[in-house]
């Protein structure tokens, strides 16, 4: 008597469940082969799909996890589960002039206006992608302060580090991490000499505490172009470059972002 083979047919999405693990402050880049994927809704925010930089058959979506996000598991529907974990960030003591640690009312108002200015810049979502190659570091140097560290200024916790600091003596050349458009180039109270580059599609890079700016608002820059000379301006304890990235409205670990996005070129 022949055997009867019983096969349990499961939905394809169940067979292809993925588990994505990411720390707060980091970036995850999802990929799909779908022609017209629906936007993703994660943590009350909608993420669209973009063209893959090296594989036209795929689409990608940048998911930046805010630093203060608590551990949580989020369903991505048939795409799997996103598990957000708490990063192992440190605490560091920084000593600056009292005027920078506790600004007076006049400077507090200046800080408020400068923060509002950058928020308005980040709110403009440029649909054009200005880059087509892997990203680079703006300077080759030792890292002196990593992303995510709790910042204790003059003995009082006041913030977390939203970027990565590189050792850079005054006058060190600073280069654009990738092609884009300069959307801010000015002296600011906390960040000092600042350059912000819009790379398109909600991706911005930042270069702070510079002494000399080599670009102006509206300039188009290419990857590796000289944009500034490092310095010790703004709220600092010594000369260095603060390098940061904002992805889809979220300040993320810039080195992790560069690592994640450059992996796409190995596809």
Based on other C-beta atoms within 10 Å, arrange 54, 205, 145 from fewest to most.
54, 145, 205
Tell me the relative contact order for the chain as a rounded percent, counting alpha carbon contacts under 8 Å between residues six or more apart.
20 percent
FRET efficiency estimate (nearest 0.05) - Cβ-Cβ, residue 150 to residue 187, R0 22 angstrom:
0.25
Spin-label proximity, residue 128 to the stretch 219-254 - amide N less than 19 Å from point 7 Å beyond Cα toward beta carbon:
219-225
Please give the contour-minus-distance gain from residue 88 to residue 263: 0.36 nm per residue of separation, less the Cα-Cα distance, rounded to one decimal in nm.
60.7 nm
Tensor-based shape of the stretch 111-267 (alpha-carbon gyration tensor, a/c under 1.5 rounded, otherwise prolate or oblate):
rounded
To test your reading of the geometry: what angle, between 0 and 90 degrees and rounded to tens, separates the Cα axis of helix 105-123 from the longest principal axis of the chain?
30 degrees
Given 161-170, 71-80, 176-185, the highest-first ranking by average Cβ count within 10 Å works out to 176-185, 161-170, 71-80
Tell me, what is the percent relative contact order of the stretch 148-267, built from C-alpha pairs under 8 Å that lie six or more residues apart?
29 percent
Using label points projected 7 Å from each Cα along Cα→Cβ, tell me how many nm separate residue 81 and residue 217, to one decimal.
4.7 nm
At each listed q (0.11, 0.16, 0.17 Å⁻¹), what is the log10 of I(q)/I(0) that the Debye formula gives for the chain modelled as equal alpha-carbon point scatterers?
-0.65, -1.28, -1.41
Projected label distance in nm at residue 43 and residue 70, using a 7 Å step from Cα toward the beta-carbon:
1.4 nm
Can you tell me the order of 247-255, 115-123 when each peptide is scored by its average per-residue count of other Cβ atoms within 10 angstrom, highest first?
247-255, 115-123
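Values quoted throughout were computed directly from the atomic coordinates according to the rules given, and no laboratory measurement underlies them. Keep in mind the model is a prediction, meaning the values are calculated, not measured. Reconstructed Cβ throughout: ideal geometry from the backbone, glycine too, with neighbour counts over all protein chains shown.
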